[in-house]
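> Once you've had a glance at the structure underneath, I'll fire off some questions.
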Amino acid sequence: MAAARTALIIGAGIAGPVAAMALARAGIEATVCEAHPGTAAGTGSFLTIAPNGIDALRAIGAEESGLATSFPTPSIELRGPTGKPLGVTSTGLPDSTSRTCKRADLYQALYAEAVRRGIAIEHGKRLSKAWQDREGVHAEFGDGSAASADVLIGADGIHSETRALIDPGAPAPRYTGLINLGGYARGIETGARPGSYTMIFGRRAFFGYVPAPGGEVWWFANVPRAGEPASGETEAVSRAQWKRTLADLYAGDAGPAARLVDATDPADMSQATPIHYIHSLPAWSDRRMIVIGDAAHAPTPTSGQGASLSMEDGVMLAQCLRDLADPERAFARFEALRRPRVESITRQAARVNSSKVPGPVTRALLPVIMKMVANSKQATAPYRHHIDWDIAIPAGS
């Protein structure tokens, strides 16, 4: 199989534009195909970019643009429902800390940087069919259009259409038992330092918040729900109704959760969505097609690594395609290099995520949880991952 010179990337979220920029740097022309008709303005709430994600952006010269709207968030304080401190953990390394930004701002920044570098991004291109032959990989889209390239890269998120085309029997994303939503409040004094996260194991639900520069407090809530909601069910509940639900859930807890929710305009709340994760797929690729980012391995938000692992994927896949002429060999090498790391992170995140469901088991597990998230070498190991763009990827065995 000849070396890849062109690529179709499905998805213009985080992994897609990063992969496209990295591929361009490797001499491979990429076109990004996005299902939605417009950009990601207003999408989602906020996220953290870990030091290893920052390192991945730095490897392709996108650090400055990618982090332009972010602010440093160096620590997390954990508290119980009575306000009792449970411990403080770092979110980075001595010379590099995690940063927080609105998800939509990160999407827009990476999108704009990719366009500035000449990357073609096409909208309204929902992948409906793909097949391979000796000439390459061919795709058809919901609008009736078609495209071909040497390789196809699915960066289309946890509910990936590409993943199902590569392996129709691939396991579906698993529901965690939690509903996630968030918002932005003003006029509430929390006592926390700007940029410092506080996370509360409430009596009935988990709550986290961080004071942002400019006076806003960004917050999120994880609401237990035993049975997986039907598609669109939680999104159909009005934000005003969610405010009332959250006010009831946090009424008995110490801390500012109830006040923050009350001070939030419903228009400044994100949609409520079930939290899913993907730990392990049987295979990430099939000859000329591959999935990366959340399409291949989606940790729970507890990890703080979803965006960063996606960035790492985009850069390292480009390196593999650059250095290993046969795309099939490049994909196999990429998977061999990435799978142990990402599955370790998703596994640990799932364990910690289970502690967010309140009850006597959670209270018994809190000492264990604190040990897992403390500033140990094991806890900070994910942050230490470094990508050197100038070092060739070895062929491996």
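> Specify which of the listed residues (Glu122, Glu113) is modelled with pLDDT of 95 or more and in contact with a helix residue (DSSP H, G or I) (Cβ under 6 Å, 6 or more places away or on another chain). Step through it out loud before you land on a result.
Numbers: Glu122 fails: in contact with a helix residue (DSSP H, G or I) (Cβ under 6 Å, 6 or more places away or on another chain).
Exactly one of Glu122, Glu113 is modelled with pLDDT of 95 or more and in contact with a helix residue (DSSP H, G or I) (Cβ under 6 Å, 6 or more places away or on another chain), namely Glu113.
> From the list Glu140, Glu235, pick out the single residue that is more than 18 Å from the chain's Cα centre (by Cα) and modelled with pLDDT of 95 or more.
Of the residues listed, the single one that is more than 18 Å from the chain's Cα centre (by Cα) and modelled with pLDDT of 95 or more is Glu140.
> Still on this structure, I have one more. How many residues does region 128-162 hold that are touching an Asp or Glu at 6+ places or on another chain (Cβ under 6 Å) and loosely packed, with under 13 Cβ neighbours inside 10 Å? Don't jump to the end; show me each part of the working.
Step one: of region 128-162, the residues touching an Asp or Glu at 6+ places or on another chain (Cβ under 6 Å) are 128-129, 136, 146, 157-158, 162.
Add one more test, that the residue is loosely packed, with under 13 Cβ neighbours inside 10 Å, and what stays is 129, 146.
Counting residues in region 128-162 that are touching an Asp or Glu at 6+ places or on another chain (Cβ under 6 Å) and loosely packed, with under 13 Cβ neighbours inside 10 Å gives 2.
> Within region 53-79, which residues are under 17 Å from Ser196 (Cα atoms) and of a type in the set (Gly, Ala, Ser)?
Answer for region 53-79, where residues must be under 17 Å from Ser196 (Cα atoms) and of a type in the set (Gly, Ala, Ser): Ser70, Ser75.
> Going by the structure shown, is Thr273 surrounded by fewer than 21 Cβ atoms within 10 Å (Cβ to Cβ), polar (S, T, N, Q) and out of contact with any helix residue (DSSP H, G or I) (no Cβ under 7 Å at 6 or more places or on another chain)? Reasoning before the result, please.
Details: surrounded by fewer than 21 Cβ atoms within 10 Å (Cβ to Cβ): yes; polar (S, T, N, Q): yes; out of contact with any helix residue (DSSP H, G or I) (no Cβ under 7 Å at 6 or more places or on another chain): no.
No; evaluated as a whole, the condition is false for this residue.
> Considering each of Val210, Val137 in turn, give the residue that is in a strand (DSSP E or B) and closer than 30 Å to Met1 by Cα.
Residue meeting the stated conditions: Val137.
> Moving to a separate point now. Sort out which residues of region 280-337 are more than 29 Å from Asp105 (Cα to Cα), in a helix (DSSP H, G or I) and of a type in the set (S, T, N, Q), and write them in order of number.
Answer for region 280-337, where residues must be more than 29 Å from Asp105 (Cα to Cα), in a helix (DSSP H, G or I) and of a type in the set (S, T, N, Q): there is none.
> On the given criteria, is Thr91 modelled with pLDDT under 95, outside the structural domain of Ala251 (by TED's automatic domain parsing), within 17 Å of the chain's Cα centre (by Cα) and over 27 Å from Ala26 (Cβ atoms)?
yes
> Additional query: Looking at Ser128, Ser45, can you tell me which residue is assigned by TED's automatic domain parsing to the domain that holds His159 and under 19 Å from Trp219 (Cβ atoms)?
Among Ser128, Ser45, only Ser45 is assigned by TED's automatic domain parsing to the domain that holds His159 and under 19 Å from Trp219 (Cβ atoms).
> Could I ask something else about it? I'm checking my understanding of the structure. Among residues of region 108-127 that are hydrophobic (A, V, I, L, M, F, W, C) and within 25 Å of Gly61 (Cα to Cα), which one is surrounded by the most Cβ atoms within 10 Å (Cβ to Cβ)? Lay out the reasoning, then the answer.
Kept after step one, since they are hydrophobic (A, V, I, L, M, F, W, C), are these residues of region 108-127: 109-110, 112, 114-115, 119-121, 127.
From what is left, the residues that are within 25 Å of Gly61 (Cα to Cα) are 109-110, 112, 114-115, 119-121.
Numbers: Ala109: 21, Leu110: 27, Ala112: 14, Ala114: 25, Val115: 14, Ile119: 22, Ala120: 13, Ile121: 19.
Here the residue is Leu110.
> Can you name every residue in region 16-75 that is under 14 Å from the mean Cα position of the chain (by Cα) and polar (S, T, N, Q)?
Within region 16-75, Thr43, Ser45, Thr48, Asn52 meet the criteria.
> While we're here: Checking the structure you have, find out if any residue of region 198-205 is of a type in the set (S, T, N, Q), farther than 16 Å from Gly83 by Cα and at pLDDT 95 or above. I'd like the intermediate steps shown before the answer.
To start, the set of residues in region 198-205 that are of a type in the set (S, T, N, Q) comprises 198.
After this cut, where a residue has to be farther than 16 Å from Gly83 by Cα as well, the list is none.
Within region 198-205, not a single residue is of a type in the set (S, T, N, Q), farther than 16 Å from Gly83 by Cα and at pLDDT 95 or above.
> Can you list the strands (runs of 3 or more DSSP E) lying wholly within region 1-101 that have 1 or more residues being free of Cβ contacts under 8 Å to residues at least 40 places away in the same chain and more than 27 Å from Asp268 (Cα to Cα)? It would help to see each step written out before you state the result.
Numbers: elements: 6-10, 29-34, 46-49, 75-79, 85-90.
Per the criteria, 29-34, 85-90.
> Still on this model: Among (1) closer than 30 Å to Pro213 by Cα; (2) aliphatic (A, V, I, L, M); (3) part of a strand (DSSP E or B), where does Ala112 come up short?
So the condition that Ala112 fails would be (3).
Residue by residue, here is whether (1) of a type in the set (A, V, I, L, M); (2) closer than 15 Å to Met289 by Cβ; (3) out of contact with any strand residue (DSSP E or B) (no Cβ under 8 Å at 6 or more places or on another chain) holds:
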position: Arg126; (1), (2), (3): no, no, no
position: Lys129; (1), (2), (3): no, yes, no
position: Gly136; (1), (2), (3): no, yes, no
position: Gly144; (1), (2), (3): no, no, yes
position: Ala149; (1), (2), (3): yes, yes, no
position: Ile153; (1), (2), (3): yes, yes, no
position: Ile158; (1), (2), (3): yes, no, no
position: Asp167; (1), (2), (3): no, yes, no
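The values are calculated or read from the model by the stated rules, or taken from the named source; none is laboratory data. All values derive from a computational prediction rather than experimental measurement. A quick note on method: Cβ atoms are made from the backbone with ideal geometry, for glycine too, and the neighbour counts reach across all protein chains shown.
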